[in-house]
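Notes to accompany the following structure.
The values are calculated or read from the model by the stated rules, or taken from the named source; none is laboratory data. What you see is a predicted model; the values in this text were computed from it and never measured. All Cβ positions, even for glycine, are placed from backbone atoms using ideal geometry, and neighbour counts span all protein chains on display. In case anyone asks, the SASA skips ligands and DNA or RNA and just uses the protein heavy atoms, side chains included. Shrake-Rupley method; radii C 1.70, N 1.55, O 1.52, S 1.80 Å.
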Amino acid sequence: MNLAIYGAGGLGREVLELVRQMEKKEHIWEKVIFVDEKEFSDGVNGITVLRFDDVIRLYDSANLQFVIAVGEPITRAKLYNKVKNSGYTCAILVHPDVYIPETTILQEGTVIQKNAFISCNIYIGKNVFIQPAAVVGHDVKIRDNSVISMNVSIGGACTINENVYIGLNASVRELVTIGMDSIIGMGAVVIKDIPQNVIAFGNPAKPQKSKDCNTVFH
(Lines give C-alpha, C1' and ligand atoms only; values in the text may rest on other atoms or scores of the structure.)
Protein backbone atom coordinates (compact mmCIF):
# COMPACT_ATOMS: atom_id res chain seq x y z
CA MET A 1 0.00 0.00 0.00
CA ASN A 2 1.12 3.57 -0.81
CA LEU A 3 0.15 6.81 0.95
CA ALA A 4 -0.73 10.17 -0.63
CA ILE A 5 -0.52 13.19 1.67
CA TYR A 6 -3.00 15.68 0.19
CA GLY A 7 -1.43 19.08 0.88
CA ALA A 8 2.28 19.86 0.59
CA GLY A 9 2.34 22.94 2.84
CA GLY A 10 3.37 23.23 6.47
CA LEU A 11 0.76 20.84 7.81
CA GLY A 12 1.60 18.36 5.07
CA ARG A 13 5.25 18.41 6.11
CA GLU A 14 4.19 17.78 9.72
CA VAL A 15 2.11 14.82 8.58
CA LEU A 16 5.12 13.50 6.68
CA GLU A 17 7.14 13.58 9.92
CA LEU A 18 4.33 11.70 11.67
CA VAL A 19 4.41 9.09 8.91
CA ARG A 20 8.17 8.73 9.26
CA GLN A 21 7.83 8.18 13.02
CA MET A 22 5.14 5.56 12.40
CA GLU A 23 7.38 3.85 9.86
CA LYS A 24 10.15 3.53 12.46
CA LYS A 25 7.80 1.38 14.54
CA GLU A 26 6.27 -0.61 11.69
CA HIS A 27 6.70 -0.60 7.92
CA ILE A 28 3.27 0.24 6.50
CA TRP A 29 3.64 2.05 3.16
CA GLU A 30 5.77 1.14 0.18
CA LYS A 31 5.88 4.74 -1.02
CA VAL A 32 4.74 8.14 0.28
CA ILE A 33 3.91 11.03 -2.07
CA PHE A 34 2.49 14.51 -1.74
CA VAL A 35 -0.56 15.65 -3.69
CA ASP A 36 -0.99 19.36 -4.41
CA GLU A 37 -2.27 21.49 -7.25
CA LYS A 38 0.69 23.86 -6.84
CA GLU A 39 3.85 22.96 -8.70
CA PHE A 40 6.85 21.77 -6.66
CA SER A 41 9.34 20.76 -9.33
CA ASP A 42 11.98 19.73 -6.78
CA GLY A 43 9.55 17.96 -4.45
CA VAL A 44 9.08 18.76 -0.76
CA ASN A 45 11.41 17.40 1.95
CA GLY A 46 12.59 14.65 -0.35
CA ILE A 47 9.09 13.59 -1.43
CA THR A 48 7.63 13.79 -4.94
CA VAL A 49 4.65 16.13 -5.41
CA LEU A 50 1.97 15.23 -7.98
CA ARG A 51 -1.33 16.75 -9.02
CA PHE A 52 -4.46 14.83 -8.05
CA ASP A 53 -5.34 13.90 -11.63
CA ASP A 54 -1.87 12.44 -12.14
CA VAL A 55 -2.07 10.47 -8.90
CA ILE A 56 -5.35 8.76 -9.75
CA ARG A 57 -4.00 7.96 -13.21
CA LEU A 58 -0.89 6.32 -11.77
CA TYR A 59 -2.37 4.55 -8.74
CA ASP A 60 -5.60 2.64 -8.37
CA SER A 61 -7.65 2.46 -5.19
CA ALA A 62 -6.33 -1.00 -4.34
CA ASN A 63 -2.80 0.26 -3.69
CA LEU A 64 -3.19 3.88 -2.53
CA GLN A 65 -4.68 5.58 0.51
CA PHE A 66 -4.94 9.31 1.13
CA VAL A 67 -4.64 11.52 4.18
CA ILE A 68 -5.85 15.14 4.14
CA ALA A 69 -3.14 17.52 5.38
CA VAL A 70 -4.87 20.91 5.25
CA GLY A 71 -5.85 22.88 8.36
CA GLU A 72 -8.94 24.60 6.97
CA PRO A 73 -12.03 22.51 7.91
CA ILE A 74 -14.11 23.46 4.86
CA THR A 75 -11.18 22.62 2.57
CA ARG A 76 -10.62 19.37 4.44
CA ALA A 77 -14.25 18.45 3.72
CA LYS A 78 -13.95 19.27 0.01
CA LEU A 79 -10.73 17.30 -0.45
CA TYR A 80 -12.02 14.33 1.54
CA ASN A 81 -15.16 14.18 -0.59
CA LYS A 82 -13.07 14.50 -3.75
CA VAL A 83 -10.95 11.53 -2.69
CA LYS A 84 -13.95 9.42 -1.69
CA ASN A 85 -15.89 10.25 -4.85
CA SER A 86 -12.89 9.04 -6.85
CA GLY A 87 -13.12 5.65 -5.15
CA TYR A 88 -10.20 5.92 -2.70
CA THR A 89 -10.02 5.46 1.07
CA CYS A 90 -8.28 7.60 3.69
CA ALA A 91 -5.81 6.25 6.22
CA ILE A 92 -6.01 6.66 9.98
CA LEU A 93 -2.72 8.06 11.31
CA VAL A 94 -1.98 7.92 15.04
CA HIS A 95 1.40 8.74 16.53
CA PRO A 96 2.92 5.54 17.95
CA ASP A 97 3.21 7.07 21.43
CA VAL A 98 -0.52 7.89 21.65
CA TYR A 99 -2.71 5.33 23.41
CA ILE A 100 -6.23 4.81 22.05
CA PRO A 101 -8.59 2.95 24.44
CA GLU A 102 -10.66 0.11 23.02
CA THR A 103 -13.83 2.04 23.87
CA THR A 104 -12.83 4.97 21.64
CA ILE A 105 -13.87 4.96 17.98
CA LEU A 106 -11.75 6.54 15.24
CA GLN A 107 -13.33 6.99 11.83
CA GLU A 108 -11.61 7.03 8.45
CA GLY A 109 -9.09 9.80 7.81
CA THR A 110 -8.43 10.72 11.44
CA VAL A 111 -4.97 12.09 12.26
CA ILE A 112 -3.72 12.25 15.86
CA GLN A 113 -0.35 13.81 16.53
CA LYS A 114 2.24 13.26 19.25
CA ASN A 115 1.43 13.73 22.95
CA ALA A 116 -2.32 13.98 22.45
CA PHE A 117 -4.36 12.47 25.28
CA ILE A 118 -7.38 10.56 24.02
CA SER A 119 -9.65 9.31 26.80
CA CYS A 120 -12.27 6.56 26.85
CA ASN A 121 -15.66 6.24 25.12
CA ILE A 122 -14.86 8.95 22.58
CA TYR A 123 -16.22 9.14 19.06
CA ILE A 124 -13.94 10.84 16.52
CA GLY A 125 -15.54 11.30 13.11
CA LYS A 126 -14.16 11.19 9.60
CA ASN A 127 -11.25 13.36 8.51
CA VAL A 128 -10.63 14.90 11.96
CA PHE A 129 -7.19 16.37 12.72
CA ILE A 130 -5.92 16.48 16.33
CA GLN A 131 -2.70 18.39 16.88
CA PRO A 132 0.08 17.66 19.43
CA ALA A 133 -0.66 17.87 23.17
CA ALA A 134 -4.43 18.21 22.76
CA VAL A 135 -6.53 16.68 25.55
CA VAL A 136 -9.85 15.04 24.69
CA GLY A 137 -11.89 13.97 27.72
CA HIS A 138 -14.19 10.99 28.19
CA ASP A 139 -17.40 10.65 26.16
CA VAL A 140 -16.52 13.49 23.78
CA LYS A 141 -17.86 13.49 20.23
CA ILE A 142 -15.78 15.23 17.55
CA ARG A 143 -17.59 15.19 14.23
CA ASP A 144 -16.30 15.16 10.65
CA ASN A 145 -13.59 17.50 9.31
CA SER A 146 -12.98 19.32 12.59
CA VAL A 147 -9.51 20.51 13.64
CA ILE A 148 -8.32 20.53 17.26
CA SER A 149 -5.19 22.66 17.63
CA MET A 150 -2.18 22.23 19.91
CA ASN A 151 -2.72 22.38 23.68
CA VAL A 152 -6.51 22.45 23.40
CA SER A 153 -8.35 20.89 26.36
CA ILE A 154 -11.84 19.46 25.81
CA GLY A 155 -13.74 18.41 28.93
CA GLY A 156 -15.84 15.30 29.27
CA ALA A 157 -19.03 14.69 27.27
CA CYS A 158 -18.61 17.68 24.94
CA THR A 159 -19.86 17.65 21.37
CA ILE A 160 -17.76 19.29 18.66
CA ASN A 161 -19.86 19.38 15.52
CA GLU A 162 -18.81 19.22 11.85
CA ASN A 163 -16.23 21.57 10.35
CA VAL A 164 -15.27 23.22 13.66
CA TYR A 165 -11.86 24.79 14.19
CA ILE A 166 -10.58 25.16 17.78
CA GLY A 167 -7.53 27.43 18.05
CA LEU A 168 -4.33 27.07 20.06
CA ASN A 169 -4.60 26.77 23.86
CA ALA A 170 -8.40 26.98 23.97
CA SER A 171 -10.30 25.21 26.77
CA VAL A 172 -13.80 23.77 26.55
CA ARG A 173 -15.73 22.99 29.72
CA GLU A 174 -17.45 19.62 30.13
CA LEU A 175 -20.89 19.09 28.55
CA VAL A 176 -20.50 21.99 26.11
CA THR A 177 -21.66 21.75 22.49
CA ILE A 178 -19.97 23.71 19.70
CA GLY A 179 -22.12 24.19 16.60
CA MET A 180 -21.00 23.17 13.14
CA ASP A 181 -18.86 25.50 11.01
CA SER A 182 -17.82 27.60 14.03
CA ILE A 183 -14.37 28.88 14.95
CA ILE A 184 -13.09 29.04 18.53
CA GLY A 185 -10.27 31.58 18.84
CA MET A 186 -6.85 31.05 20.39
CA GLY A 187 -6.86 30.92 24.18
CA ALA A 188 -10.65 31.00 24.42
CA VAL A 189 -12.34 29.61 27.54
CA VAL A 190 -15.62 28.05 26.45
CA ILE A 191 -18.06 27.52 29.32
CA LYS A 192 -21.38 27.67 27.44
CA ASP A 193 -22.70 26.20 24.20
CA ILE A 194 -21.59 27.96 21.03
CA PRO A 195 -24.07 28.18 18.12
CA GLN A 196 -23.21 27.16 14.58
CA ASN A 197 -21.44 29.35 12.04
CA VAL A 198 -19.96 31.90 14.45
CA ILE A 199 -16.53 33.08 15.58
CA ALA A 200 -16.21 32.91 19.37
CA PHE A 201 -13.32 34.05 21.54
CA GLY A 202 -12.49 35.54 24.91
CA ASN A 203 -12.76 34.45 28.55
CA PRO A 204 -15.49 33.45 28.84
CA ALA A 205 -15.86 32.83 25.13
CA LYS A 206 -18.77 34.55 23.42
CA PRO A 207 -19.90 34.61 19.80
CA GLN A 208 -18.44 37.87 18.55
CA LYS A 209 -19.84 37.74 15.03
CA SER A 210 -21.35 35.45 12.46
CA LYS A 211 -18.91 34.05 9.95
CA ASP A 212 -19.10 35.88 6.65
CA CYS A 213 -16.91 33.31 4.93
CA ASN A 214 -16.06 29.63 5.31
CA THR A 215 -12.38 29.99 6.11
CA VAL A 216 -10.25 30.20 9.22
CA PHE A 217 -7.08 31.38 7.51
CA HIS A 218 -7.26 34.49 5.34
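Every condition in (1) within 19 Å of residue 122 (Cβ to Cβ); (2) more than 19 Å from the chain's Cα centre (by Cα) holds for residue 162 except the one numbered (2).
The C-beta contact set for the range 15-33 (first residue touching a residue at least 12 places away in the same chain (Cβ under 8 Å), second residue among the hydrophobic types (A, V, I, L, M, F, W, C) and open to solvent by 50 Å² or more (accessible area, probe 1.4 Å), distance under 8 angstrom, 6+ apart or interchain) comprises 22/28; 28/1; 29/1; 30/1.
Step by step: first the residues of the range 147-186, then only those that are open to solvent by 40 Å² or more (accessible area, probe 1.4 Å) and either touching a Phe, Trp or Tyr at 6+ places or on another chain (Cβ under 9 Å) or outside any loop (DSSP other than H, G, I, E, B) (or both), then the one that is nearest to residue 137 (Cα to Cα). Which residue is that? Break it down into steps so the answer makes sense when it comes.
Within the range 147-186, the first condition is being open to solvent by 40 Å² or more (accessible area, probe 1.4 Å), and the residues that meet it are 150-151, 153, 162, 168-169, 171, 173-175, 177, 180, 186.
Now narrow it down to the ones that are either touching a Phe, Trp or Tyr at 6+ places or on another chain (Cβ under 9 Å) or outside any loop (DSSP other than H, G, I, E, B) (or both): 153, 171, 177, 186.
Working: 153: 8, 171: 11, 177: 14, 186: 19 Å.
The qualifying residue nearest to residue 137 (Cα to Cα) is 153.
Only one of the numbered conditions (1) among the hydroxyl-bearing types (Ser, Thr, Tyr); (2) open to solvent by less than 30 Å² (accessible area, probe 1.4 Å); (3) in a loop (DSSP other than H, G, I, E, B) is not met by residue 80, and that is (3).
All conditions in (1) in contact with a Pro (Cβ under 7 Å, 6 or more places away or on another chain); (2) closer than 21 Å to residue 148 by Cα hold for residue 69, with the sole exception of (1).
Taking the listed residues 66, 40, 34, the one that is over 28 Å from residue 140 (Cβ atoms) and at pLDDT 95 or above is 34, with no other qualifying. For the range 99-118, a residue qualifies if it is over 15 Å from residue 151 (Cα atoms) and over 13 Å from the mean Cα position of the chain (by Cα), and the qualifying residues are 99, 100, 101, 102, 103, 104, 105. Here residue 175 passes the criteria (1) more than 21 Å from residue 151 (Cα to Cα); (2) touching a Cys at 6+ places or on another chain (Cβ under 8 Å) except the one numbered (1).
Among residues belonging to the range 99-114 that are within 28 Å of residue 78 (Cα to Cα) and free of Cβ contacts under 8 Å to residues at least 24 places away in the same chain, point out the one that is surrounded by the fewest Cβ atoms within 10 Å (Cβ to Cβ). Before you say what the answer is, go through the steps one by one.
Let us first name the residues in the range 99-114 that are within 28 Å of residue 78 (Cα to Cα), namely 100, 104-114.
Then keep just the ones that are free of Cβ contacts under 8 Å to residues at least 24 places away in the same chain; that gives 100, 104-106, 108, 110, 112.
Values: 100: 18, 104: 18, 105: 13, 106: 20, 108: 17, 110: 23, 112: 24.
Here the answer is 105.
Restricting to the range 49-73, and then to whatever is over 30 Å from residue 197 (Cβ atoms) and in a loop (DSSP other than H, G, I, E, B), can you tell me which residue is most open to solvent (accessible area, probe 1.4 Å)?
As a first pass, look at the range 49-73 and keep what is over 30 Å from residue 197 (Cβ atoms): 49-51, 53-65.
Adding the requirement that they be in a loop (DSSP other than H, G, I, E, B) leaves 51, 59-63.
Values: 51: 100, 59: 38, 60: 84, 61: 62, 62: 81, 63: 58 Å².
That would be 51.
Across the range 37-46, which residue is nearest to the chain's Cα centre (by Cα) among those that are closer than 27 Å to residue 96 by Cβ and either open to solvent by 30 Å² or more (accessible area, probe 1.4 Å) or in contact (Cβ under 8 Å) with a residue 40 or more places away in the chain (or both)?
In this case the residue turns out to be 45.
Across the range 198-218, the number of residues qualifying as at pLDDT 95 or above, open to solvent by 40 Å² or more (accessible area, probe 1.4 Å) and assigned to a loop (DSSP other than H, G, I, E, B) comes to 2. Can you spot a residue in the range 125-146 that is of a type in the set (Ser, Thr, Tyr), surrounded by fewer than 20 Cβ atoms within 10 Å (Cβ to Cβ), touching a Gly at 6+ places or on another chain (Cβ under 8 Å) and at pLDDT 95 or above? There is no residue in the range 125-146 that is of a type in the set (Ser, Thr, Tyr), surrounded by fewer than 20 Cβ atoms within 10 Å (Cβ to Cβ), touching a Gly at 6+ places or on another chain (Cβ under 8 Å) and at pLDDT 95 or above. Count of the range 93-117 residues, restricted to those that are in a loop (DSSP other than H, G, I, E, B) and of a type in the set (Val, Ile, Thr), is 5.
Scanning the range 20-29 finds no residues that are open to solvent by less than 30 Å² (accessible area, probe 1.4 Å) and assigned to a strand (DSSP E or B).
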